[in-house]
Amino acid sequence: MTTTETPDTLRRILDHSSRADPYPLYAELRRTPVALQEDGSYVISTYRELTGILHDPRLSSDVRNLSRPMAAVEGRATPSFINLDPPEHDRLRRLAMRHFGPPHTPGLVTGLEPDLAAVVGGLIDGFADQERIDVVDDFAYPFPVTVICRLLGVPREDEPRFHVWVNAIIESIDYDPGTDPPEKLDNGVQATKDLREYLGGLLEGRHGRPGDDLLTRLANDDGPDGRMTDEEIISTANLLLIAGHETTVNLIANGVLTLLRHPEVLNRLRGEPDLVVPLVEELLRYEPPVHIIPWRAAYSDITVGDTVIPKGSQIMLMLASGSRDPDRFEDPDRFTPDRRDNQHLGFGSGIHLCFGGPLARLETQIALTELVRRLERPGLVVDPPPYRPSPVLRGPLHLYVEQG
Amino acid sequence: MSSAHTLQRFKRDGRVVIVGASLAGLRAAEALRGEGFTGSLTMIGDELGEPYDRPPLSKQVLTGWVPAGGTTLPRRCDIDAEWLLGVPADGLDLAADQVRLADGRRIPFDRMLIATGVRARPWPVEEEAALDGVFVVRTREDADGLQRAIAAGPSRVLIIGAGFTGSEIASVCRERGLPVTVAELGPAPLVGGLGAMIGEVAADMQRAHGVDLRCGVRVTRLEGDAHGRLRRAHFSDGGTVDAEVAVVALGGIRNTEWLRDSGLAVGVWGVACDAGCRAFDLNGLVTDDIFVAGDVARSPNPVYEYRFISLEHWANAVEQAEIAAHNMVSTQADRWPHLSIPAFWSIQFGVNIKSVGVPTYADEVVVAQGSVSDRRFVAAYGYQGRVTAAVSFNNAKWLDHYRRLIETAAPFPPPCPTPDQPVDAKPVPVDFPGPTLLAQGATVVVTGHDPGGRRVTAVRQGR
């Protein structure tokens, strides 16, 4: 059944005043698993329908398949693999994975563990004796940025430069032509150009030089699929740089917030550090950093449930809503750190399953264990904290914590 | 006494006998304990040693990655069972509720699970099968022996039969740089399980990896030297090949002979049972206390029009074991059916092959996604206009989608274009070889009327 009965629910979700607690709105949305919006887009919000469409080869990640052209967020650059379909997606993702994971580079992520612990330790040393800290600015942000810069081979000291660009890009991801000023989009387009130019400059010096960072390896190493072009390397680096920290910062901050709201779990984690593994999975279900995949396209007519989504339609996937679907998860609004059968949608599902998932997991596991171990009697200063603007990549703007 | 009360008593101090101490038997035992069964549990197995996993035997064990002894199945809980190992079961007395062992012992039970699985089909000529260098691969000992023979660097390995096991072994041998000849009676490798089109892809793959692939030939004789060592093989086309190692990979034989006079519905395809794993007797009546799971079970599936299907798949063994165990300790109203869509995987020549559904239950096949020449694709199978199976080569992440198409009886060919749909995607006849060949290579067998014409004919005595 196609309905248009809830167009305003989505509006309310996107509204910043709902950012602190969008979950009751998601519940409202799930009453219509596939909801046609006034602008012709379709919103999918239930677990079964989400996993179904995420595995459907007719769901395109390439916005060029939208019948209504999307505002040019990417600035017409070569798309990165997150915005491409097979076979191009598969080829580029494979080329990138060659240098990041098994079978060609096994143990890269686990091998980072001592480095990650050292970065986390250093950050905590820096604020251990302060009465009040901002978990976002002092910890959750600098940690993954340092890590992804090292991995990619981007100078850490350039962070202030690309920080501005990344912020502008993130802001433009959920650009709404109906309500947003055009500058928001223009800033995003300009920032994309600037960031690409910057990464291109870094890449220039890497050709023909051996080295261990990803940029250098992508520029020099050949596999069975050949090598990426410079344009493709820049797109990939661009994607990994942004996704490599803009999501983890939210996961860590959401994690600290959730633990502070559940002191019994926080205490359990202190005495039982191995709990962090299922706990982070539960966090990815309960307070995930990515709430919405806003720009997918129907490559051809797709039937979801009883609804036919016509070719060319925009499809929005409400991942965070699916992970709280009571038809799939028992007592979904409860934070259960050792939940079983926890097939959440925190990293998506299907061929676009988060590339950096293993790294994000390890970073968050180390960050939360260490923070809990070292901070004595931490307490929230403001609850709920102020939130960042984006409803797509949702997380606190600041998270003030006092040590008692 | 109420049946619920009887069941409670059975769960507390009943006697369960599981015949077959491999994957299905072990998982059923664990599930029984998990369901709160505290009575006596007896595990009967013809092999000595703990239950072990078989998929690695034709893969990691042969590459030398994992020793044959390193495939012991993990224990998920303490099953507190009495183990009767090294002696096969020899008969079943339904009237007395006893299993008879080969050494004459009789083991009484209240409920019993048959999980005796499949054994390797041996080379039919006994003295040739006994030659040094001739192997089958089913048990840990088999794999260990073959691994050592391969590691010794033979001048050539002959593989007889290009089903999944034969093809996997050919792949491992090529990986180790050994010259390999594969002899297949059918028109191509994997053809019994996946049909002619995929068979051609598999043939190309083998040849591209330097396999001397000979199809449409039968090995007529294995010739030994004066010391009883394999030296040469002779083919039906007059050809010969010199080889020191031969692997007989002609599929399996279901271990049902011990049940021949039991009164159960037993045949070459296994022990017939209902969807809840309860065995049928000769008259087609369902038994209450005899259950079947794993390779030896042959059960109807509503998705495939209630045809009886025998599967040699790892996941099937696990699922049926859990369903059987649950139903053994549940009342009528609480029993579960085993209705899952079959799935299996194989890895050969660097390609990950995965399948959902029953590819042999098909009349047409189409490459739905990807590219056959890149060996990255999904082929969808259809029977009378609906999707019944799918097979992926290096493209497994899409199979959940096809599973849903199968479950919902979606139209075949899958109608809507995808970004990676081949331009010339046209369904072609699936073309399986006849039943004689299938019996040797397929890991799935659909019995009954069509598809493939594997019919049952009633022959009346004396006419």
Out of residues 5 or more away from B:Arg386 or on other chains, whose amide H comes under 5 Å of its own, with H placed 1.01 Å from N in the peptide plane? B:Phe412
B:Asp13/B:Asn352 FRET efficiency (R0 56 Å; Cβ-Cβ; nearest 0.05): 0.75
FRET efficiency for A:Arg12 and B:Glu305, using Cβ-Cβ distance with R0 set to 60 Å, rounded to 0.05: 0.80
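Which order do the peptides B:245-255, A:80-90 take when ranked by the mean count of other beta-carbon atoms within 10 Å per residue, highest first?
Working: B:245-255: 23.5, A:80-90: 20.9.
With the highest mean Cβ count within 10 Å placed first, the list reads B:245-255, A:80-90.
Report the gain in length on full extension from B:His227 to B:Val87: 0.36 nm times residue separation, minus Cα-Cα distance, nm rounded to one decimal. Kindly include the intermediate steps, with their values, before the conclusion.
Numbers: separation 140, 0.36 × 140 = 50.40 nm, distance 3.25 nm.
The B:His227-B:Val87 span can extend by a further 47.2 nm.
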For an R0 of 60 angstrom, estimate the FRET efficiency from the Cβ-Cβ distance between A:Asp212 and B:Cys416 and round to the nearest 0.05. 0.85
Residues of type aspartates and glutamates that B:Lys397 reaches as a straight line, Cα spacing below 15 Å, ignoring anything fewer than 8 places off in the same chain: A:Asp56, A:Asp85, A:Asp90, B:Asp420
Neighbour counts of other C-beta atoms within 10 Å: give me A:Asp225, A:Asp56 arranged from fewest to most. A:Asp225, A:Asp56
Degrees between helix B:164-175 axis and first principal axis of chain B (Cα, 0 to 90, nearest 10): 50
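What is the packing order of peptides A:259-270, B:319-330, taking the mean over residues of other C-beta atoms within 10 Å and listing the highest first? Each step should come with its number before you reach the end.
Numbers: A:259-270: 16.0, B:319-330: 24.5.
So the order, starting with the most tightly packed, is B:319-330, A:259-270.
Ignore the peptide's own chain and count Cβ atoms of other chains within 10 Å of each Cβ in A:55-63; give me the average, rounded.
Values: counts 8, 7, 16, 8, 3, 2, 1, 1, 0.
Going residue by residue through A:55-63 and averaging, the value is 5.
Antiparallel as a % of all DSSP beta bridges within chain B, to the nearest 5? Before the final figure, lay out each step's value.
Working: 61 of 94 bridges.
Given both bridge residues lie in chain B, the antiparallel proportion sits at roughly 65 percent.
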Partner aspartates and glutamates whose C-alpha sits under 14 Å from that of A:Lys184, ignoring same-chain residues fewer than 8 away, are A:Glu74, A:Glu171, A:Asp174, A:Asp176
Skipping prolines and chain starts, which residues have an amide H placed within reach, meaning under 5 Å, of the one on B:Gly186, given they are 5 or more residues away or on another chain? B:Gly216
Of A:His344, B:His234, A:His55, B:His227, how do they rank once you tally other Cβ atoms within 10 Å and put the fewest first? B:His227, B:His234, A:His55, A:His344
Can you give me the distance in nm between label points at B:Glu407 and B:Leu73, each placed 7 Å from the Cα along the Cα-to-Cβ direction? 2.6
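State whether the stretch A:203-327 is rounded, prolate or oblate according to the following rule on the C-alpha gyration tensor (a ≥ b ≥ c being the square roots of its eigenvalues): a/c under 1.5 gives rounded; otherwise a/b larger than b/c gives prolate, and the remaining case gives oblate. Don't skip to the end; give the middle numbers.
Working: a/c = 3.00, a/b = 1.20, b/c = 2.50.
Oblate.
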Would you calculate the separation in nanometres between label points at B:Trp65 and A:Arg374, each defined as 7 Å from the Cα along the Cα-to-beta-carbon direction? 3.9
Scan around B:Arg232 for amide H atoms under 5 Å from its own, H built in the peptide plane at 1.01 Å from N, and keep only partners 5 or more places away or cross-chain. B:Glu223, B:Ala243
Set of aspartates and glutamates with alpha-carbon distance to B:Lys59 below 16 Å, sequence-local pairs under 8 removed: B:Glu141, B:Asp142, B:Asp144, B:Glu168, B:Glu175
Where in the stretch B:33-76 is the amide nitrogen less than 16 Å from a point lying 7 Å along the Cα-to-Cβ axis of B:Asp334? B:33-39
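Report the antiparallel proportion of the DSSP beta bridges in the stretch B:180-250 as a percent, rounded to a multiple of 5.
Working: 8 of 12 bridges.
Given both bridge residues lie in the stretch B:180-250, the antiparallel proportion sits at roughly 65 percent.
Determine the percent antiparallel among the DSSP beta bridges restricted to the protein assembly as shown, to the nearest 5. The partial results should precede the final answer.
Working: 81 of 118 bridges.
Rounded to the nearest five, the antiparallel share is 70 percent.
Any read-out appearing in this document is the output of simple, stated calculations on the displayed coordinates, not a laboratory observation. Predicted, not measured: the structure shown is a model, and the values here were computed from it. Heads up, the Cβs are rebuilt from the backbone with ideal geometry, glycines too, and the neighbour counts pull from every protein chain shown.
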